[in-house]
There are 2 protein chains.
Amino acid sequence: MQTVADELAINGKRARESARALARLSGQVRELALTNTAEALQARRDEILSANDLDHQEARSGGLSDAALGRLLLDEERLDAMADDVRRVAALPDPIGETFDMRSMPNGLRVGRRRVPLGVIGAIYESRPNVTIDIAVLCVKSGNAVILRGGKEAIRSNKVLAALVRESIAAAGVPKDAVQFVESTDRALVGRMLEMKEYIDLMIPRGGAELVRRVGEEATMPAVTGGVGVCHLFVDRAAEVDMAVALVRDSKVSRPYACNAVDTLLVHSGIAPAFLPRVARELTGAGVELRCDRRALSILGQVEGLRVIPATDEDWGTEYLALTAAVRIVDSVDEALGHIDTYGSGHTEAIVSEDYSVAMRFLDEVDAGVVLVNAGTVFNDGGQLGLGSEVAISTNKLHARGPMGLRELTSYKWTVLGAGQVRG
Amino acid sequence: MQTVADELAINGKRARESARALARLSGQVRELALTNTAEALQARRDEILSANDLDHQEARSGGLSDAALGRLLLDEERLDAMADDVRRVAALPDPIGETFDMRSMPNGLRVGRRRVPLGVIGAIYESRPNVTIDIAVLCVKSGNAVILRGGKEAIRSNKVLAALVRESIAAAGVPKDAVQFVESTDRALVGRMLEMKEYIDLMIPRGGAELVRRVGEEATMPAVTGGVGVCHLFVDRAAEVDMAVALVRDSKVSRPYACNAVDTLLVHSGIAPAFLPRVARELTGAGVELRCDRRALSILGQVEGLRVIPATDEDWGTEYLALTAAVRIVDSVDEALGHIDTYGSGHTEAIVSEDYSVAMRFLDEVDAGVVLVNAGTVFNDGGQLGLGSEVAISTNKLHARGPMGLRELTSYKWTVLGAGQVRG
């Protein structure tokens, strides 16, 4: 009898073998594989949506949270958006083969570095079926094979989507085994997958803090650790109040469930009386719960009709992933920097200030993947920062930091063209 | 009583704290720290050499191998060479602060990536005291703090060298604690050091295969795996014989103990009768032991006065680090590629050929850190490839591959300059 571990090893072997073939295909072939996938997402809409409907029904009766149900659900509009995303990735410049740092050495050796695929990417994710397409497409475009392991809530949707990708890429001449989907939903598989360093070159967890933590601790291969964003926005004394209100609102309300949403608002005491009541009205009006330190409470307590609650020590350093924000008043940029240093997760940190020197200090001294001046934390996003797409947001310092696009899924090899030089 | 683990944690804390200060110092200050170090290496020559003499005496009576004794020994000439190397690194362009991929997005956001130090580097090495200077200097130049743990054979030399670096950098304004030297030679320390992921961002093992393997398996932080080079040189049918002989000799005899020395010579059967006797005479004349497959034996067995021995299965895939080479005859470039794929360590692979298509195929298809055409494996070296210096040679695909110089000791952060843009 075949065990699930055997099954997984077969996924691994097939991915490894296909990676070798995939690495040699032209960018044209990989692009066509993606265009085919985009078309199939629209042509096979009914099949996808009915599988998704079954997943959704079962998950709802199983008591999945509304937020998770929302992430699981597909509809025509979402499928069209997914197809558009795939076409956009297809059209991005090919990252493979690009040669950089090319130079002639004094002895005439021609030295350069050429971008090559990493090999096999492993992806473990939760209930969002669009991640299946997202990651498969980024991997194929960057010449990598991939082993996908999605959550059991979306298993029917994911099976259909994975089969669709495999057929679409095969029609373009990419080996269909370059995209492996783990069909078993046995939880023990995750542990086994994290041991498969012979088959997987980089592991990407896409999901909640618990998944990211587990992968970071147990993976025997390199893994992207990221996704956990304890993000701060510091409103300096020299901030423009209107701009600060708009940026805070944008960073808290537009995508509250995303890792780049702001969690803690740090407000300079010199601007707090003018700024805090306005931003608090705006945020609470949009349904945000504000958890305030003593000094912020004393200002906001006097605003009629406003309901805010006291922060506890646990609020500092918490990623809410919800319509909740902590508020703290600080007396200087140093105090803001100290708070961020203590409680930040190295993900995204922003300042609003018209004071050039303060803004530059923040930019220089904050140690995070993305540091922003007069722009909200929501801009930590591969699309917004010009990568075209993103496979994850890394808080690692090795290899890639911040949003990871196609180039961040590559390695390089040194190429040396000689004419018989000896070193002696 | 203070345990060694406590002591190590103190090293860790001091390095971590200094890293923050170091990251903010100007390139000028870091350069001066290195110039001071170079001067001190020459000014304090007697002190260094007498400590080294004691190490050397003890190691010799302890029965250390000649090769290891050679690596341990310092003399005036080597100290001068070390000082020159330090001056060369001092003069290299500052990798920190460089901003790349700068662009303006359609909404006006100015986005870029700015190079920053990794933080704290850990280095574990063996009996070569010059590694103490090497790594400390590369780390300071790249804005990183470092924790050095050298082999016990060189403990006296290393203590003097580490103290010298600490004083030299302090005189320039770099915190002396940015360079930590682990004074205890307790072997248990290595295991503890590999657990200190809270203090060490990247671990670099510099030494034999056993050390590299152990670090790769036990390190809880990212580690460079490399240094183990099972290197092949393929002499194609279309090789120029004179060039091939010269490159093989250069790659085997000039630095037989280095990881980039050639281990297995693959020879196309079409050129073997003309090439093998010549290269065999050259190599055996230089003291190289040749271990040949059956077909190579049958050619070389007929050469008068030549002594070669049969290869066993263990020879394929062996890194000799000695005046030994395996020889195998292949019938095609495919067979050579297959052999390299099976037995190579992804370190350095070279071809000698005047056939353009064969050379390009080799360059495209070999999956290794450095791939060379008509140049020997000895050119896999940071200095030779234009990095100025190297901290290690990586066979990882993540972060850095091949020789790692200053830039490979950095990360980056994304910087975003806005004017109040919202994402909506």
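Things to note:
- Going through (1) open to solvent by less than 50 Å² (accessible area, probe 1.4 Å); (2) more than 25 Å from the chain's Cα centre (by Cα) one by one, residue B:38 falls short only on (2).
- Count of the stretch A:8-22 residues which are surrounded by fewer than 19 Cβ atoms within 10 Å (Cβ to Cβ) and either within 17 Å of residue A:202 (Cβ to Cβ) or among the basic types (Lys, Arg) (or both): 2
- Members of the stretch B:287-302 found to be out of contact with any Lys or Arg (no Cβ under 7 Å at 6 or more places or on another chain) and either exposed (fewer than 15 other Cβ atoms within 10 Å of the Cβ) or part of a loop (DSSP other than H, G, I, E, B) (or both), listed by number: B:287, B:294, B:298, B:301, B:302
- Residues of the stretch A:269-283 that are in a helix (DSSP H, G or I) and farther than 19 Å from residue A:377 by Cα: A:272, A:273, A:274, A:277, A:278, A:281.
- Checked against the criterion of being out of contact with any helix residue (DSSP H, G or I) (no Cβ under 6 Å at 6 or more places or on another chain), open to solvent by 30 Å² or more (accessible area, probe 1.4 Å), at the interface with another protein chain (Cβ under 8 Å from one of its Cβ atoms) and part of a strand (DSSP E or B), the stretch B:407-419 contains one or more residues that satisfy it.
- Scanning the stretch B:108-132 for residues that are part of a helix (DSSP H, G or I) and either within 14 Å of chain A (Cβ to nearest Cβ) or in contact with a strand residue (DSSP E or B) (Cβ under 9 Å, 6 or more places away or on another chain) (or both) returns B:131, B:132.
- Considering A:312, A:284, the condition of being surrounded by fewer than 18 Cβ atoms within 10 Å (Cβ to Cβ), away from every other protein chain (no Cβ under 14 Å) and without any contact (Cβ under 8 Å) to a residue 60 or more places away in the chain is satisfied by A:312 alone.
- Scanning the stretch A:195-210 for residues that are in contact with a Lys or Arg (Cβ under 7 Å, 6 or more places away or on another chain) and under 14 Å from residue A:11 (Cβ atoms) yields one hit, A:199.
- Between B:402, B:376, the distinction of being touching a residue at least 12 places away in the same chain (Cβ under 8 Å), in contact with a His (Cβ under 9 Å, 6 or more places away or on another chain) and facing chain A (nearest Cβ under 7 Å) belongs to B:402 only.
- Those helices (runs of 4 or more DSSP H) of the stretch B:133-243 in which at least 2 residues are more than 29 Å from residue A:400 (Cβ to Cβ) and in contact (Cβ under 8 Å) with a residue 12 or more places away in the chain, considering only elements entirely within it, cover B:155-172, B:188-193.
- Of the residues screened, residue B:362 is one that is more than 7 Å from chain A (Cβ to nearest Cβ) and within 22 Å of residue A:108 (Cα to Cα).
- Reported count of residues in the stretch B:157-212, each being closer than 27 Å to residue B:40 by Cβ, under 22 Å from the mean Cα position of the chain (by Cα) and of a type in the set (Val, Ile, Thr), is 5.
- Flag if residue A:152 is surrounded by fewer than 23 Cβ atoms within 10 Å (Cβ to Cβ), closer than 24 Å to residue A:16 by Cα and among the charged types (D, E, K, R): no
- Out of A:335, A:354, sole residue that is surrounded by fewer than 20 Cβ atoms within 10 Å (Cβ to Cβ), within 12 Å of chain B (Cβ to nearest Cβ) and under 20 Å from residue A:275 (Cα atoms): A:354
- Taking the criterion of being more than 7 Å from chain A (Cβ to nearest Cβ) and either in a loop (DSSP other than H, G, I, E, B) or in contact with a helix residue (DSSP H, G or I) (Cβ under 7 Å, 6 or more places away or on another chain) (or both), the residues of the stretch B:379-396 that qualify are B:380, B:381, B:382, B:383, B:387, B:388, B:389, B:390, B:391, B:395, B:396.
- When the residues of the stretch A:244-268 are filtered to those that are assigned to a loop (DSSP other than H, G, I, E, B) and open to solvent by 40 Å² or more (accessible area, probe 1.4 Å), the one that is farthest from residue A:375 (Cα to Cα) is A:257.
- Residues satisfying the stated conditions in the stretch B:82-103, i.e. of a type in the set (Phe, Trp, Tyr) and in contact with a Ser or Thr (Cβ under 8 Å, 6 or more places away or on another chain): none
- Extreme residue, surrounded by the fewest Cβ atoms within 10 Å (Cβ to Cβ), among residues of the stretch A:87-107 that are free of Cβ contacts under 8 Å to residues at least 60 places away in the same chain and facing chain B (nearest Cβ under 9 Å): A:103
- Residue A:377 meets the stated requirement of being within 14 Å of residue B:416 (Cα to Cα) and of a type outside the set (Gly, Ala, Ser).
- The condition of being open to solvent by less than 20 Å² (accessible area, probe 1.4 Å) and assigned to a helix (DSSP H, G or I) holds for only one of B:5, B:59, B:67, that being B:59.
- Given (1) surrounded by fewer than 20 Cβ atoms within 10 Å (Cβ to Cβ); (2) more than 11 Å from chain A (Cβ to nearest Cβ); (3) in contact with a Leu (Cβ under 8 Å, 6 or more places away or on another chain), number of the condition residue B:340 does not satisfy: (1)
- Qualifying residue in the stretch A:9-27 (condition: assigned to a loop (DSSP other than H, G, I, E, B), more than 14 Å from chain B (Cβ to nearest Cβ), touching a residue at least 24 places away in the same chain (Cβ under 8 Å) and over 18 Å from residue A:171 (Cβ atoms)): no
- Of all residues in the stretch B:226-243 being open to solvent by 20 Å² or more (accessible area, probe 1.4 Å) and more than 10 Å from every other protein chain (Cβ to nearest Cβ), the one that is nearest to residue B:357 (Cα to Cα): B:238
- Scanning the stretch A:155-169 for residues that are in contact with an Asp or Glu (Cβ under 9 Å, 6 or more places away or on another chain) and open to solvent by 20 Å² or more (accessible area, probe 1.4 Å) returns A:155, A:156, A:159, A:160, A:166.
- Scan of the stretch B:108-146 for residues that are among the charged types (D, E, K, R) and open to solvent by 10 Å² or more (accessible area, probe 1.4 Å), ordered by number: B:110, B:114, B:115, B:126, B:128, B:134
The values are calculated or read from the model by the stated rules, or taken from the named source; none is laboratory data. None of these values were measured; they are calculated from a predicted model. As a convention, Cβ positions derive from the backbone with ideal geometry for all residues, glycine included, and neighbour counts pool all protein chains shown. Just so you know, the surface numbers come from the protein's heavy atoms only, side chains and all, with ligands and any DNA or RNA stripped out. Shrake-Rupley method; radii C 1.70, N 1.55, O 1.52, S 1.80 Å.
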